[in-house]
1. Give the residue, chosen from A92, A65, that is at pLDDT 95 or above and over 16 Å from L41 (Cβ atoms).
2. Where the second residue is part of a helix (DSSP H, G or I) and surrounded by fewer than 13 Cβ atoms within 10 Å (Cβ to Cβ) and the first is in the same structural domain as L41 (by TED's automatic domain parsing) and of a type outside the set (S, T, Y) and lies in region 68-93, which pairs have Cβ atoms under 6 Å and are six or more apart or on separate chains?
3. Only one residue in D42, D56 is within 16 Å of K104 (Cα to Cα) and of a type outside the set (A, V, I, L, M, F, W, C). Which one?
4. Looking only at region 71-89, which residues are exposed (fewer than 14 other Cβ atoms within 10 Å of the Cβ) and part of a helix (DSSP H, G or I)?
5. Confirm whether I66 is closer than 13 Å to M103 by Cβ, surrounded by 13 or more Cβ atoms within 10 Å (Cβ to Cβ) and β-branched (V, I, T).
Amino acid sequence: MDMKCNIYEIIGDEIVRIRENGPKVNQTKPDECMPNQEQALDYFGRRIIKLMAERDESVHGLSAAIGVADNVTLRWVSGKSFPNLNTAFVLAKHYDMTVDELMKGMNE
């Protein structure tokens, strides 16, 4: 995913762009900067596959290590679903990272 985006924040009814170490600038949020659901699912699936490959880990091995069924892990790697928040924390811990690091790049 080669999207480059600004960071936005919703303040009241306004969408405000936040510049790094700079002032807030009012601006309409461009839809093309945000990945759609399909793109985000695809990215996350590829991310998990890469992490598994780095550890020479199988779907069954990952599933057993984090306490989910194999079909759940298969849904992630095939881009069909995301883990729930609790599972995302367990998954991130398994890969020695934060949830933010696990999801890194989904909005970049």
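1. A65
2. That search, which allows pairs on different chains as well, returns D70/H60.
3. Unique residue meeting the criteria: D42.
4. Hits for region 71-89 are N71, L85, N86.
5. Considered against the rule, which asks whether it is closer than 13 Å to M103 by Cβ, surrounded by 13 or more Cβ atoms within 10 Å (Cβ to Cβ) and β-branched (V, I, T), I66 comes out as no.
The values are calculated or read from the model by the stated rules, or taken from the named source; none is laboratory data. Everything numeric in this text was worked out from a predicted model, so none of it was measured. Please note: Cβ atoms are built from the backbone with ideal geometry, for glycine as well, and neighbour counts cover all protein chains shown.
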